[in-house]
Every structure is written in C-alpha cells, then in structure tokens.
Amino acid sequence: MDVKIEESWRREIGAEFDKQYFTDLAAFVRSEYTHHTCYPPGRLVFNAFNLCPFDSVKVVIIGQDPYHEPGQAHGLSFSVCDGTAFPPSLVNIFKEIELDLGKPMPASGDLTRWARQGVLLLNATLTVRAHQAASHQRRGWEEFTDAAIKALSARRDNLVFMLWGGYARSKAPLIDASRHLVLQSVHPSPLSANRGGWFGNHHFSRANAYLAAHGEAPVEW
C-alpha cells in the first residue's frame with residue numbers, strides 16, 4: 001500500500017507507518033485490493049486526512065466502516081460520491097440538520113464540502129471488501145485511526161468530537177473532554193434513530209456555537 005498522506009498528518013502520526021502492525025496491515029490491504037474488489041478506490045483511502053490537514057481540523061465525526069457497495073465510498077465517513085443514492089444514515093443526518101438549522105436536504109451526499117471546512121470525516125476502519133461489511137476490521141486500521149484521534153486530542157484545543165452510536169462512543173476515553181467538546185448520541189441509522197435520541201440532539205448547532213465561542217468560524221453544514 002502506497003501511503004500518500006497529507007504532510008501535516010505525516011508529521012503528527014507518521015511514526016505509525018514504521019510500526020509492525022502497520023506493515024502487516026499494509027500487506028493485508030495490498031493483497032485484498034489485488035485479489036478482490038475493495039472500497040474506497042486505493043487513491044482515496046486517506047481522503048479524510050488529505051482533505052483536512054491536522055492544523056485545520058475543527059470537528060471530528062467518527063464512523064466505523066466504509067460503505068461496501070459500488071459507487072458509494074470515497075474515504076469520508078457517512079459521505080457518498082455524487083450521483084449516489086443517500087444511505088439511510090446520511091438521510092437522517094440531513095434531516096437533523098434541517099430540524100436543527102433549517103437547512104433543506106441538499107442535492108449531493110458528497111461531504112467533501114464539510115471536509116474542506118475542517119470536518120475530519122474519519123472511519124475507524126479505512127477499507128472494506130465489496131459486499132462484506134466489517135471485512136477489514138481488526139486488521140490494524142483501528143490502531144492507526146486511534147492514533148490520529150489521540151494526536152488531535154493531545155495537540156489541538158477546542159475541537160468538537162461527534163460520537164454517534166456505541167462504536168463511536170467507545171472512542172470517548174481517547175479524548176480529553178477538558179480540552180474539547182465531546183457530543184454523543186445514538187447512531188443516525190434508522191434502527192437507532194427511530195428509537196429516539198438522534199432527532200433533536202442539536203449537534204450541529206451546538207458544534208457551531210462552541211466553535212464561535214472559541215474564535216472559529218462555524219461550519220456551513
């Protein structure tokens with residue numbers, strides 16, 4: 001796996017690339033992409049990092065796994081390529097933004113526009129085999145992405161971390177809540193959201209209020 005990652009991230013977490021777990025992970029991913037259809041496309045595996053340099057991060061939204069069907073995943077959690085139908089979780093994210101901020105459902109599910117404003121859309125696992133959810137979990141990606149979360153927590157101040165669902169919320173111990181705003185709720189998937197706790201969580205307005213209070217421009221969600 002050819003690691004092409006934005007320079008500020010290489011500075012902050014580049015030591016991970018020299019560790020044995022990452023050597024093993026890279027060999028596994030290379031084999032998977034050689035012998036199977038995998039997502040996202042290889043050039044987009046580190047898309048979240050490349051679109052959002054370390055010093056530009058304002059908000060972190062943690063997902064679990066890339067989408068595993070054609071034309072969806074492009075290296076940003078919850079985001080889909082232009083022209084792709086919105087997955088149910090993304091529909092509910094947009095519905096909550098409409099409830100919270102009055103912004104109507106957008107035409108595009110491509111969240112690159114958020115990433116360019118400082119929203120790190122980070123999946124804990126960065127690759128997946130087609131049609132097989134969770135197929136690349138527990139191979140080392142989680143150690144790598146945990147290192148990124150820990151680096152942000154330790155070396156930045158006044159970030160907003162959005163932890164949606166049990167898996168994302170399990171990352172809370174990695175984050176210093178005395179330095180950052182940690183927003184937690186149920187997952188936006190219909191199964192969780194419809195039980196209550198997603199709609200009306202006001203995470204998007206709360207994030208913007210926190211950013212403004214600390215001298216940062218709010219995100220155009």
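Taking H as built 1.01 Å from N, whose amide H comes closer than 5 Å to the amide H of CYS38, not counting residues under 5 places away?
For CYS38, the qualifying residues are ALA130.
Take every DSSP beta bridge with both residues inside segment 1-141 and express the antiparallel ones as a percent of the total, to the nearest 5. Kindly include the intermediate steps, with their values, before the conclusion.
Details: 3 of 8 bridges.
Of the beta bridges lying entirely in segment 1-141, close to 40 percent run antiparallel.
Skipping prolines and chain starts, which residues have an amide H placed within reach, meaning under 5 Å, of the one on PHE161, given they are 5 or more residues away or on another chain?
Residues meeting the criterion, in which the H sits 1.01 Å from N, are VAL60, LEU181, VAL182, LEU183.
How much accessible area per residue does the chain have, in Å², with a 1.4 Å probe?
Working: 9610 Å² over 221 residues.
That works out to 43 Å² per residue.
Could you work out the helix-only [θ] at 222 nm for the chain, with each DSSP H run of four or more residues adding -39,500 (n - 2.57) and the total divided by the number of residues, to the nearest 500 deg cm²/dmol?
Numbers: 9 runs with 81 residues, N = 221.
Calculated at 222 nm, the ellipticity per residue is -10500 deg cm²/dmol.
Points 7 angstrom from Cα along the Cβ direction at SER170 and ALA85: gap in nanometres?
3.0 nm
Please work out how many pairs of lysine residues in the chain are eight or more positions apart (or on different chains) and have Cα atoms closer than 30 angstrom.
For the chain, qualifying lysine pairs total 15.
What nm distance separates the two modelled labels at ALA15 and ARG179, each placed 7 Å from Cα along Cα→Cβ?
1.5 nm
Using 0.36 nm times the number of residues separating ARG206 and GLN137, minus their current alpha carbon distance, what extension gain do you get?
Working: separation 69, 0.36 × 69 = 24.84 nm, distance 3.14 nm.
Going from the current span to full extension adds 21.7 nm.
Which of GLY71, GLY165, GLY102 ends up with the largest GNM mean-square fluctuation for the chain, with Cα atoms connected below 10 Å?
It is GLY102.
The values are calculated or read from the model by the stated rules, or taken from the named source; none is laboratory data. These figures come from a predicted structure and were not determined experimentally. In this analysis, Cβ positions are derived from the backbone assuming ideal geometry, glycine residues included, and neighbour counts consider all displayed protein chains. Surface areas here come from the heavy atoms of the whole protein model, side chains and all, with no ligands, DNA or RNA. Shrake-Rupley method; radii C 1.70, N 1.55, O 1.52, S 1.80 Å.
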